[in-house]
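Peer 1: Pasting in a structure now, in structure tokens, and then I'll have a few things to ask.
The values are calculated or read from the model by the stated rules, or taken from the named source; none is laboratory data. All values reported here derive from a predicted model rather than from experimental measurement. Cβ: placed from backbone, ideal geometry, glycine included. Neighbour counts: every protein chain shown. Surface areas here come from the heavy atoms of the whole protein model, side chains and all, with no ligands, DNA or RNA. Shrake-Rupley method; radii C 1.70, N 1.55, O 1.52, S 1.80 Å.
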Amino acid sequence: MVDLVAKSPCAGLLPLTLGGLTLRELNYGAVFSVSPFKDKSADVSKALQKSLGAGLPDIGRVLAGASGEVIWTGQGQYFVRAVKLPKLPAAISDQSDGWACVTLEGKGALDVLARLCPLNLQAMKEGEVARSLIGHMTAIIILRSGGVDVMVFRSMAVTLVHGFERVMRSVHAQRGL
């Protein structure tokens, strides 16, 4: 019989530190995609607020509560990071193993990301979320106080790390960051 061993998407690839920049994998734990049924957004928000301490955020935002986090990921779609969800009038699917999540921290993190992403990340504020591209990969980008979180499909983990490493080396060589 074969013994299967669970591995994270970036197992053996991270952490990567170069100068003052560090790219490391995040363990987001349980992640659920939540899409409220028609005219039920207020009910979903209320239930999440009661359960997690954070309701549905505005477009392009993330809200953290005492026992979870709600991330806007598209029109009428949210990712909820929580151990357990309350009963919700919404379409729900478990996304926990479907995403590779990394964070880039340090001085120059936005300079690195600017070479991979077509957005003006300098205009983003802490707690803002964007759907965009990292290289050619669809991504969810979250600006945090200590850096930038990036989520891509799990199957793209190696490509994501390779892209970041290449640009981190280039920025480090040019600017000494």
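Peer 1: PRE reach from GLN122 (point 7 Å along Cα→Cβ): which of the stretch 131-153 fall under 19 Å by backbone N?
Peer 2: So the set is 143-144, 147-148.
Peer 1: What size of dipole, in debye to the nearest 20, comes out for the chain about its Cα centre when the only charges are +1 on Lys and Arg C-beta atoms and -1 on Asp and Glu C-beta atoms?
Peer 2: 140 debye
Peer 1: Mind checking which of GLY12, GLY74, GLY108 has the largest fluctuation in a GNM of the chain, springs on alpha carbons under 10 Å?
Peer 2: It is GLY12.
Peer 1: Let me ask another. When the label point is put 7 Å from the Cα of ARG175 along its Cα-to-beta-carbon vector, which residues of the stretch 115-132 have a backbone N closer than 17 Å?
Peer 2: Only 115-125 pass the distance filter.
Peer 1: Could you look at the chain and say what percent of its accessible area is carbon and sulfur, using a 1.4 Å probe and all protein chains?
Peer 2: Here it works out to 53 percent.
Peer 1: A follow-up question, please. Pairs LYS7/LYS87; LYS50/LYS125; LYS46/LYS84; LYS38/LYS84: which exceed 19 Å Cα-Cα?
Peer 2: The answer is LYS7/LYS87; LYS50/LYS125; LYS38/LYS84.
Peer 1: While we're here: Using the alpha carbon gyration tensor of the stretch 94-177, what are the three equivalent-ellipsoid semi-axes (square root of 5 times each eigenvalue), largest first, in whole Å?
Peer 2: Gyration-tensor ellipsoid for the stretch 94-177: 20, 16, 11 Å.
Peer 1: Please list, in order along the stretch 72-78, the HN-Hα scalar couplings obtained from phi with the Karplus expression 6.51 cos²θ - 1.76 cosθ + 1.60 (θ = phi - 60°), rounded to whole Hz, x for Gly and Pro.
Peer 2: 5, 10, x, 4, x, 9, 9
Peer 1: Among VAL34, VAL152, VAL167, whose mean-square fluctuation peaks in a Gaussian network model of the chain (Cα, cutoff 10 Å)?
Peer 2: Among VAL34, VAL152, VAL167, the largest mean-square fluctuation in the Gaussian network model of the chain belongs to VAL167.
Peer 1: Right, here's the next one. Dividing the convex hull volume of the Cα atoms of the chain by its residue count, what figure in Å³ per residue is obtained?
Peer 2: 129 Å³
Peer 1: Here's a follow-up. For the stretch 108-177, run through the GluC sites (Glu not before Pro) and keep only the ones in DSSP coil with at most 14 other Cβ atoms within 10 Å of their Cβ.
Peer 2: Loop-located and lightly packed - GLU126.
Peer 1: May I pose another question? Give the accessible surface of the stretch 1-149 per residue, rounded to a whole number of Å², with probe radius 1.4 Å and ligands, DNA and RNA excluded.
Peer 2: In whole numbers, the stretch 1-149 has 54 Å² accessible per residue.
Peer 1: I've got another one for you. Could you give the dipole magnitude of the stretch 1-61 about its Cα centre, charging the beta-carbon of Lys and Arg +1 and that of Asp and Glu -1, in debye to the nearest 20?
Peer 2: Charge dipole, the stretch 1-61, about its Cα centre: 160 debye, nearest 20.
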